[in-house]
Amino acid sequence: MPKTLIFLNGVETAQKINLELQREVSGHLQGVVPPDMFIRTYWASIDDEGKNETLKDLRNGRTRIVLCTDAFSLGVNVRDIDLVIQWDINEKLTIESLWQRIGRGSRAPERMSNSIIYVNRRLLESVPQDWEKGWKETESQVAPDDDIDLDEDLRVIPVSKRRSLAKFGIPVTRETLSKVNRHVRELYRGATSLKETQRNAKEESHGTQQERLSAAEKVDPTVLWVITNMGCTHRVFQIIFREPGDAVFTDTHQGWCCGFCAKSRGLAADTVVAPGITLGHSISYLERNPSNNKIMLPRPQAIVAPVPQPRREVVSRERKEHLQRALEEWRNLKFKELCLPPNCVLSLVLPDKVLERIVNNARNIVTYSQLLVTLREAHWDQGSSLLSEADVAGLFGKIEITLSESLLKEQANKGHRTLN
């Protein structure tokens, strides 16, 4: 399981998800690591001792998931975070918080990490894909924008009630840069005093009894633009935080930077981003109904009649014992290769119950896919384990060779007894 931070917008939600996740993983850990150590929490009201314990266990690898709030996003550096998840988008989340949270991934320059933002589907569907039409409908109402100065005045109050949602799909390209500058200016409006700022900002993000706001109108406008634009997400962040013009269009990433760029580079939808998550889950890969802008989720595959699976000859008790010893030796070797801390146990590589399941089901493991089925039935997932796909393939090879050798030996012994 990669080291993962899950950012949430409230402690109450974080506590509920923490309990659900601990219940979910308890059966998979099988006593190797306590669930409340494998998954920990980090927010402002937790005392310093608890926070320090979480950071220590996260750095040494015993903790793999931390559910947290902004208390983790400033001043806390863990160099090998592989995955950052932002759970949900609402009016509490600012663009500064979102940027800081994403930035917690892979603080070491030589490492890469992934970030995933989970968004309510209705929020995404509220912004039309045809952003050009939205701009044409409002373009005649504004003055030319050739001389727009983004720093002319201080604009801090989010504009919610007068948003033209159709304009939020605009991507950042060299061709759209003039409209993008105007769009940035329209996202917030100026204020004359701190008191006015606080009052107006609250009205804009919460609405009034007379004028209710939709979810898309409540969200920080720059956050809404980040999640609904029809182009590169990273470029939107760069524009918002005022990167120089040329830097916005300079690709410095070692790989793809967002779902849009991954699709533009031709990456397949089944490219794995994180355990159980592929690029196909990205909004950039999902199709929409052109008549109502509804996101069309992939249809479940049709159920087909099961194909008879091959089986081995009966595996005797002696051969199963031989396979058990061989798999334990293989596990010991992998444990050494992984260079795990000395206080770790062998079952971190492959739990005893999984080994037992493989041995007892040896007759039905003739193909690699049958091994994967056996592992799933034992509630073991390669994506959340310490083993790579190549290691699992090596495990299958070990099973095949061991059973073949033991069968030859068994047949030779029978032939010898017959001759005697």
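The values are calculated or read from the model by the stated rules, or taken from the named source; none is laboratory data. Only a predicted model underlies this, so the values are computations on that prediction, with no experimental measurement involved. For neighbour counting, all protein chains shown are included, and Cβ atoms are generated from backbone atoms with ideal geometry for every residue, glycine included.
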Inspect the stretch 356-366 for any residue being closer than 30 Å to ARG64 by Cα and in contact (Cβ under 8 Å) with a residue 60 or more places away in the chain and give the result as yes or no. no
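In this structure, does GLY255 turn out to be within 30 Å of THR222 (Cβ to Cβ) and modelled with pLDDT of 90 or more? Explain how you work it out, then say what you get.
Values: within 30 Å of THR222 (Cβ to Cβ): yes; modelled with pLDDT of 90 or more: no.
So GLY255 does not fit the description; no.
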Flag if THR94 is in the same structural domain as ALA14 (by TED's automatic domain parsing), in contact (Cβ under 8 Å) with a residue 12 or more places away in the chain, closer than 15 Å to THR4 by Cβ and among the polar types (S, T, N, Q): no
Any residue in the stretch 77-86 that is modelled with pLDDT of 90 or more and either among the hydroxyl-bearing types (Ser, Thr, Tyr) or more than 30 Å from ALA215 (Cβ to Cβ) (or both)? no
Residue tally, condition within 19 Å of the chain's Cα centre (by Cα) and either aromatic (Phe, Trp, Tyr) or part of a helix (DSSP H, G or I) (or both), over the stretch 6-15: 3
Scan the stretch 316-350 residue by residue and report those that are at pLDDT below 90 and either part of a loop (DSSP other than H, G, I, E, B) or outside the structural domain of LEU408 (by TED's automatic domain parsing) (or both). LEU338, CYS339, LEU340, PRO341, PRO342, ASN343, CYS344, VAL345, VAL349, LEU350
Counting just the residues of the stretch 19-45 that are farther than 26 Å from PRO341 by Cα and touching a residue at least 24 places away in the same chain (Cβ under 8 Å), which one comes out surrounded by the fewest Cβ atoms within 10 Å (Cβ to Cβ)? SER45
Among the residues of the stretch 351-386, which ones are part of a loop (DSSP other than H, G, I, E, B) and buried (at least 18 other Cβ atoms within 10 Å of the Cβ)? PRO351, ILE365, ALA378, TRP380, SER385
So how many residues does the stretch 161-202 have that are modelled with pLDDT under 70 and exposed (fewer than 15 other Cβ atoms within 10 Å of the Cβ)? 11
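Here are SER126, SER115: which of them is modelled with pLDDT of 80 or more and in contact with a strand residue (DSSP E or B) (Cβ under 6 Å, 6 or more places away or on another chain)?
None of the others qualify; the one that does is SER115.
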When the residues of the stretch 59-75 are narrowed to those that are out of contact with any helix residue (DSSP H, G or I) (no Cβ under 7 Å at 6 or more places or on another chain) and in a loop (DSSP other than H, G, I, E, B), which ends up surrounded by the most Cβ atoms within 10 Å (Cβ to Cβ)? GLY61
